[in-house]
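*Asks:* Provided herewith is a single structure, encoded as structure tokens, for subsequent inquiry.
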Amino acid sequence: MFKHHAKLETNIFFLAVGILLTIVVGGLVEVVPLFSIESTIEKVDGVRPYSPLELAGRNIYIREGCYNCHSQMIRPFKDEVERYGHYSLAAESKYDHPFQWGSKRTGPDLARVGGKYTNEWQLRHLINPRDVVPGSIMPGYKHLMRPLDYADIAAHLKANRVVGVPYTDAQIANAKKDLEEQVFADPASKPAVAASYPKAQIGSAAGKDKVTEMDALVAYLQVLGTMVDFSAITPEAAKKMNR
Amino acid sequence: MATVEKDSVSGQNTTGHEWDGIKELNTPLPKWWVYVFWATVIWAIGYWVMMPAWPTLNGYTAGYLGYSSRGTLDAELVAQKKGRSAWLSKIEASDVAAIEKDKDLLRYAMAGGKIAFNENCAACHGVGGVGAYGFPTLADDEWLWGGTLADIEQTIKYGVRNANANSRQSEMPKFGADGLLKPEQISAVSDYVLSLASKAPAKGSAGETVYAENCAACHADDGAGMAAVGAPALNNQIWLYKGTKDAIVAQVTKPKHGAMPAWSERLDASTVKMLAVYVHNLGGGK
């Protein structure tokens, strides 16, 4: 078999076919099973598509490059779980296109930052981090107090649906209304956006009469890691979830 | 086509290739390298058997050892809990008052409380509870919602002005924005509050009347405040939103309200207890 090696190496056609076959086998073995393995994405309740305001905030998170310093991935290590909470599940980012796991932590992980601080804190921290955390090296994002451009928000939902996020027709039709309602509605009035997107943070962070980019970003941060109720997941249940 | 020759200098055969008169030696790989190579191949086969390795149609081969990083973590967490249980079980079983009375338990709770405080609370209240504009100082003896151990535990557990059903709730009326007071009344009452704060109440002033009719119900006649409704004391120089006249006028006109998450939704009961003990001992506990 090794004797005929020279033929493969000296003939451009056979060499090309050989390379192609090697890549195809590697690809099939490594990629295809991910689509069929049941444990790739855990079966947990609560994960829902982002509300229009959160989606707009996510776009700002990506635009400002937050992922350069903040990961959204709590690894299954003791010290991380002790500090941040339950380790991240693949299911929690199944509607993220692209996901924001990140690979570098200059700042802390944000996978479970939702609800940890108040809107007021998030707002002041984003405007000037040194106001609340004296030693912080994070830049200020005061410019996010400008109005949010959300004329095309329904198109963002539609684009996400194309890649598999299960937005309903009604959610796409109401995108603009839901976005405004999430900022301006009184949480006590049980607005429609809360029914459509459970656990969405209702109310404005910036407190102005216009929807600002800050409102969107804070709404996004406040929902991170809050969708799955981990108090209901025991280690035994987690084992079944993974297998 | 290719002629293999023996090289006279090295004694090795050539590969038979020749490019512009340059020939290539076909020196075999060193023996040690070949052995290591085959050893890694055999190791790989052993690894496939012992560890998770091959994908199947709807799962993967778990391997003889059944390793998973999540399983390892679960075991580590169980071991860690066991290691801490000597103290944690006592914290779990005792109420906060009992923890503070037991010297050893108090030391443990202070250490645990400090770590939890720095991770969860210091972002707003500052390291050591020094506070910031809008976020109360916890190291002094003024308390918005009460400074006893039980009060502090309650505040940490359920938070302030959040969606939790047990959260502490109160709202100061928008005296200016809702037209309850005229601008000159607000100015007068702000002056009176400033006089209260410097312990020299301006008796008989117009502001005193406005204060008695609108503010005293929550902030008390002498400005001592009322912890039950989170009304801050006004008879001292401790201010949440600054103590200038402009700041007080702004607060009476359209008040800012602080909020705090319900930490029982994030932290376990013993961590909340340790936090309560830690905060109570920061300096100003009642």
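*Asks:* How many of the residues making up the range B:15-60 are under 30 Å from residue A:39 (Cβ atoms) and either modelled with pLDDT under 85 or touching a His at 6+ places or on another chain (Cβ under 6 Å) (or both)?
*Replies:* Residues that pass the stated criteria total 7.
*Asks:* Take the conditions assigned by TED's automatic domain parsing to the domain that holds residue B:113 and open to solvent by 60 Å² or more (accessible area, probe 1.4 Å) and apply them to residue B:92. Does it pass? Can you show your working first?
*Replies:* Numbers: assigned by TED's automatic domain parsing to the domain that holds residue B:113: yes; open to solvent by 60 Å² or more (accessible area, probe 1.4 Å): yes.
Spelling it out, residue B:92 is indeed assigned by TED's automatic domain parsing to the domain that holds residue B:113 and open to solvent by 60 Å² or more (accessible area, probe 1.4 Å).
*Asks:* Between B:77, B:25, B:29, which is within 30 Å of residue A:42 (Cβ to Cβ) and either free of Cβ contacts under 8 Å to residues at least 24 places away in the same chain or out of contact with any strand residue (DSSP E or B) (no Cβ under 6 Å at 6 or more places or on another chain) (or both)?
*Replies:* Just a single option satisfies the conditions, and that option is B:77.
*Asks:* Taking residue A:67, is it aromatic (Phe, Trp, Tyr) and open to solvent by less than 40 Å² (accessible area, probe 1.4 Å)?
*Replies:* On the way: aromatic (Phe, Trp, Tyr): yes; open to solvent by less than 40 Å² (accessible area, probe 1.4 Å): no.
No, not satisfied.
*Asks:* Something else about it: Among the residues of the range B:121-139 satisfying the criterion of being open to solvent by less than 30 Å² (accessible area, probe 1.4 Å) and assigned to a loop (DSSP other than H, G, I, E, B), which is farthest from the other protein chains (Cβ to nearest Cβ)?
*Replies:* Among residues in the range B:121-139 that are open to solvent by less than 30 Å² (accessible area, probe 1.4 Å) and assigned to a loop (DSSP other than H, G, I, E, B), the one farthest from the other protein chains (Cβ to nearest Cβ) is B:138.
*Asks:* For residue A:107, work out the one condition from (1) within 14 Å of chain B (Cβ to nearest Cβ); (2) part of a loop (DSSP other than H, G, I, E, B); (3) over 20 Å from residue A:59 (Cα atoms) it doesn't fulfil.
*Replies:* (3)
*Asks:* Which residue is farthest from the other protein chains (Cβ to nearest Cβ), if the candidates are limited to the range B:74-99 and must be of a type in the set (Val, Ile, Thr) and within 22 Å of the chain's Cα centre (by Cα)?
*Replies:* Within the range B:74-99, the match that is farthest from the other protein chains (Cβ to nearest Cβ) is B:96.
*Asks:* Oh, and also: I'm trying to understand the selection: among the residues of the range B:236-272, which are more than 20 Å from residue A:118 (Cα to Cα), surrounded by 17 or more Cβ atoms within 10 Å (Cβ to Cβ) and in contact with an Asp or Glu (Cβ under 7 Å, 6 or more places away or on another chain)?
*Replies:* Selection gives B:236, B:270.
*Asks:* Quick one: would you say residue B:104 is of a type outside the set (Lys, Arg), open to solvent by less than 100 Å² (accessible area, probe 1.4 Å), within 26 Å of the chain's Cα centre (by Cα) and away from chain A (no Cβ under 13 Å)?
*Replies:* It is true that residue B:104 is of a type outside the set (Lys, Arg), open to solvent by less than 100 Å² (accessible area, probe 1.4 Å), within 26 Å of the chain's Cα centre (by Cα) and away from chain A (no Cβ under 13 Å).
*Asks:* To continue, here is another question. Going by the conditions given, is residue A:159 part of a helix (DSSP H, G or I), farther than 27 Å from residue B:156 by Cβ and within 14 Å of another protein chain (Cβ to nearest Cβ)?
*Replies:* Numbers: part of a helix (DSSP H, G or I): yes; farther than 27 Å from residue B:156 by Cβ: yes; within 14 Å of another protein chain (Cβ to nearest Cβ): no.
Taking the combined requirement at face value, the residue does not satisfy it.
*Asks:* Also, quick follow-up: Which of the residues spanning the range A:98-146 are in contact with a strand residue (DSSP E or B) (Cβ under 6 Å, 6 or more places away or on another chain) and buried (at least 20 other Cβ atoms within 10 Å of the Cβ)?
*Replies:* The one that is in contact with a strand residue (DSSP E or B) (Cβ under 6 Å, 6 or more places away or on another chain) and buried (at least 20 other Cβ atoms within 10 Å of the Cβ): A:132.
*Asks:* Out of everything in the range B:156-171 that is touching a Lys or Arg at 6+ places or on another chain (Cβ under 9 Å) and away from chain A (no Cβ under 14 Å), what residue ends up being nearest to residue B:246 (Cα to Cα)?
*Replies:* Only one residue tops the list, namely B:170.
*Asks:* Separate question: In the range B:232-282, which residues are within 21 Å of the chain's Cα centre (by Cα) and small (Gly, Ala, Ser)?
*Replies:* Scanning the range B:232-282 gives B:258, B:259, B:262, B:264, B:269, B:270, B:276.
*Asks:* Is the range A:144-167 home to any residue that is modelled with pLDDT of 95 or more, within 17 Å of residue A:95 (Cβ to Cβ) and charged (D, E, K, R)?
*Replies:* Yes.
*Asks:* Still on this structure, I have one more. Name the helices (runs of 4 or more DSSP H) wholly within the range A:1-101 that hold at least 2 residues that are within 14 Å of another protein chain (Cβ to nearest Cβ)?
*Replies:* A:5-10, A:12-36, A:78-84
*Asks:* Mind telling me which of the residues B:217, B:206 ends up being outside the structural domain of residue B:158 (by TED's automatic domain parsing), touching a strand residue (DSSP E or B) at 6+ places or on another chain (Cβ under 9 Å) and surrounded by fewer than 19 Cβ atoms within 10 Å (Cβ to Cβ)?
*Replies:* B:217 is the lone residue from the list that is outside the structural domain of residue B:158 (by TED's automatic domain parsing), touching a strand residue (DSSP E or B) at 6+ places or on another chain (Cβ under 9 Å) and surrounded by fewer than 19 Cβ atoms within 10 Å (Cβ to Cβ).
*Asks:* Okay, moving on. Would you say residue B:82 is in the same structural domain as residue B:274 (by TED's automatic domain parsing) and surrounded by fewer than 11 Cβ atoms within 10 Å (Cβ to Cβ)?
*Replies:* In short, yes.
The values are calculated or read from the model by the stated rules, or taken from the named source; none is laboratory data. The structure displayed is predicted, hence computed values, not measured ones. When we count neighbours, we look across all protein chains shown, and the Cβ atoms used for this are built from the backbone with ideal geometry, even at glycine. The protein model used for the area step is the full one, side chains on, heavy atoms only, and it has no ligands, DNA or RNA in it. Shrake-Rupley method; radii C 1.70, N 1.55, O 1.52, S 1.80 Å.
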